[in-house]
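*Asks:* Have a look at this one before I ask anything.
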């Protein structure tokens, strides 16, 4: 399993796309820190970039990787290796490559310019989003045989969690604006990993006062050490459940 993962890492790095991803994040992070003397505002700007770029790159690049390596995966299936080990090894190699690029592009500048709890939590959330959207990519790729359809599913998943979900949530809040919705909205937020990451980061940056009563409720849940631990645990569940589903589908799939 580790040998397959090492080969996956080598193959990914050889494509140079992952290096471009690391360089892109590094340039953006350093530029934002150099443009503003206040590290907290720079971290806020980096957060906005991470919440868009990390899920998009993770889900699209992982999906393309699966389809481009379909022949090699079929060759491994013919060997005395469990299908679950093959898929998990590819997932391990992919996430290791993406996380390494993220650490180079974001963690290094953050720890240089803004060392501390907020910067460290930003890095953990970025790693969590990488794991989650790579899992979603694997689920979409093993579910669809056609490459175009698989990439379309991945883009649709990213667009749903980045844009559509918030639009539906705003519509829900507008239609039921006469009712107290703070707690239901808090519960609904947990079903979107991007919103979960965004709110927990906002609470870590202590800007809940700008959100009124809703911010106070969010602060009570996400603003404590226990709340942040729960957030990270929920993100781990978000990463594990699609991956488990992908493994089960792959085990039964007729290649």
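*Asks:* Bin by bin, in steps of 10 Å, what percent of the Cα pairs in the stretch 1-44 do you find, going until the bin that has the longest distance?
*Replies:* Whole-percent P(r) values from 0 Å outward: 25, 29, 22, 19, 4.
*Asks:* Right, another one. Using 0.36 nm times the number of residues separating residue 24 and residue 175, minus their current alpha carbon distance, what extension gain do you get?
*Replies:* Between residue 24 and residue 175, full extension yields 50.3 nm more.
*Asks:* So how tilted is helix 17-35 from the main axis of the chain? Cα-based, degrees 0 to 90, rounded to 10.
*Replies:* 20
*Asks:* With labels modelled as points extended 7 Å from the Cα through the Cβ direction, what inter-label distance (nm, one decimal) is found for residue 108 paired with residue 240?
*Replies:* Between residue 108 and residue 240, the simple spin-label model gives 3.3 nm.
*Asks:* Follow-up question, since we're still on this one. With everything on Cα atoms, drop me the angle between helix 212-222 and the longest principal axis of the chain, reported from 0 to 90° to the nearest 10.
*Replies:* 50
*Asks:* Just report the Cα centroid separation between the stretch 64-125 and the stretch 128-204, whole Å.
*Replies:* 21
*Asks:* Can you give me the P(r) profile for the chain? Cα pairs, bins 10 angstrom wide beginning at 0, each as a whole percent.
*Replies:* Spelled out per bin, shortest first, that is 7, 29, 33, 22, 9, 1, 0.
*Asks:* Quick check on packing: order 121-127, 153-159 by the mean number of other C-beta atoms within 10 Å, highest mean leading.
*Replies:* With the highest mean Cβ count within 10 Å placed first, the list reads 121-127, 153-159.
*Asks:* If each DSSP helix of 4+ residues adds -39,500 (n - 2.57) and the sum is divided by the residues in the chain, what number results at 222 nm, nearest 500 deg cm²/dmol?
*Replies:* So the calculated ellipticity at 222 nm is -26500 deg cm²/dmol.
*Asks:* Label points 7 Å out from Cα along the Cβ direction at residue 31 and residue 60: separation in nm?
*Replies:* 1.7
*Asks:* For the Cα atoms of the chain, what angle does the longest principal axis make with the long axis of helix 193-204, in degrees from 0 to 90, nearest 10?
*Replies:* Result, in degrees: 40.
*Asks:* Follow-up. Quickly rank 161-173, 22-34 as a protection proxy: mean count of other C-beta atoms within 10 Å, highest first.
*Replies:* 22-34, 161-173
The numbers here are math on the coordinates, done by the rules we state, and not lab data. As the structure is a computational prediction, the values presented were derived from the model and not from experiment. All Cβ positions, glycine included, derive from the backbone under ideal geometry; neighbour counts span all protein chains shown.
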